Amino acid sequence: MTAQEVLKELETYGSEQTKKVLTKHGAKEPFFGVKVQDLKKILKKTKKNHELALELFATGNSDAMYLAGLMADENKITTQQLDEWVEQAYWYYLSEYAVAWVAAETPFGFELGLKWIDSDKENIASAGWATLSFYASVRPNEAIDMEAYSQLLDRVKNNIHNAPNRVRYTMNGFVIATGSYIEALTDKAKEVAKAIGKVSVDVGGTACKVPLANDYIDKVINKGNLGKKRKTARC
């Protein structure tokens with residue numbers, strides 16, 4: 001499929017109701033309002049396609065950009081391309097999921113995450129924390145810098161309540177991910193979670209809630225899923 005063919009098919013799946021929902025969350029024109037399950041119908045046809053993913057992201061159409069994140073080949077995408085993507089990812093579905101997923105699956109995901117969390121741009125910093133969370137979820141523990149992740153937990157503890165809005169959300173998610181996927185740091189993550197307590201995030205009048213990190217980690221433990229890695233960051 002070509003990029004134009006994909007856009008035409010995306011348009012057929014669009015709905016005004018989905019557009020209203022996504023607009024509340026931060027999406028802006030141009031976009032059609034396509035549900036994820038319909039995006040995956042197109043993905044079944046294209047599979048991973050690096051060049052097509054780049055073309056779709058470059059359209060600026062939010063539906064196409066999200067699909068690009070599902071379609072991108074983590075073994076072909078470059079740090080430069082991901083840096084360009086995160087700059088263009090103007091709302092959190094793109095920055096904290098589509099872009100962060102791909103970045104986390106690359107060999108350089110950890111380095112990119114560290115770089116992005118130092119950005120003074122909220123969408124980039126939040127993408128960085130999300131990337132580090134997804135990285136922890138898919139990488140074997142022997143490939144993870146435990147000391148670095150321990151220090152990052154300290155950074156969250158000391159800075160989360162003064163961080164920008166979406167950065168607070170992804171910092172909280174980082175504590176959850178670290179405690180859930182890296183058993184050696186579960187106890188410390190729970191200590192940090194207790195210290196930070198409830199994290200306030202403006203979710204723009206939507207029904208989204210910010211999970212209590214300590215409760216979330218406990219649920220993972222109680223379900224017997226502690227330390228179980230994901231096959232892929234993308235879902």
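Data table
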item: Using alpha-carbon coordinates, inclination of helix 165-181 to the longest axis of the chain, degrees; result: 70
item: Extension gain from GLU191 to ASN75, taking 0.36 nm per residue of separation minus the Cα-Cα distance; result: 38.1 nm
item: Gain in span if fully extended, ASN158 to SER15, counting 0.36 nm per residue against the direct Cα distance; result: 47.2 nm
item: Listed residues ALA163, ALA130, ALA89, most fluctuating in the chain (Gaussian network, C-alpha, under 10 Å); result: ALA163
item: The chain - mean residue ellipticity at 222 nm from DSSP helices (-39,500 (n - 2.57) per run, n ≥ 4, rounded to 500); result: -19000 deg cm²/dmol
item: All lysines inside 18 Å of LYS76 as judged from Cα atoms, apart from same-chain residues fewer than 8 positions distant; result: LYS47, LYS48
item: HN-Hα J in Hz across the range 226-235 - Karplus 6.51, -1.76, 1.60, θ = phi - 60°, x for Gly and Pro; result: 4, x, 6, 7, 8, 6, 8, 6, 7, 8
item: Gain in span if fully extended, PHE108 to LYS223, counting 0.36 nm per residue against the direct Cα distance; result: 38.3 nm
item: Candidates per trypsin sites (Lys or Arg not before Pro) in the range 4-71, loop by DSSP, up to 14 other Cβ within 10 Å; result: LYS28, LYS47, LYS48
item: For the range 51-71 and the range 184-202, distance of Cα centres in Å; result: 34
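No value in this document is a laboratory result; all are computed from the given coordinates. Since the structure is predicted, the reported quantities are computational estimates derived from the model, not experimental observations. Positions of Cβ are generated from backbone atoms using ideal geometry, with glycine treated the same way; all protein chains shown enter the neighbour counts.
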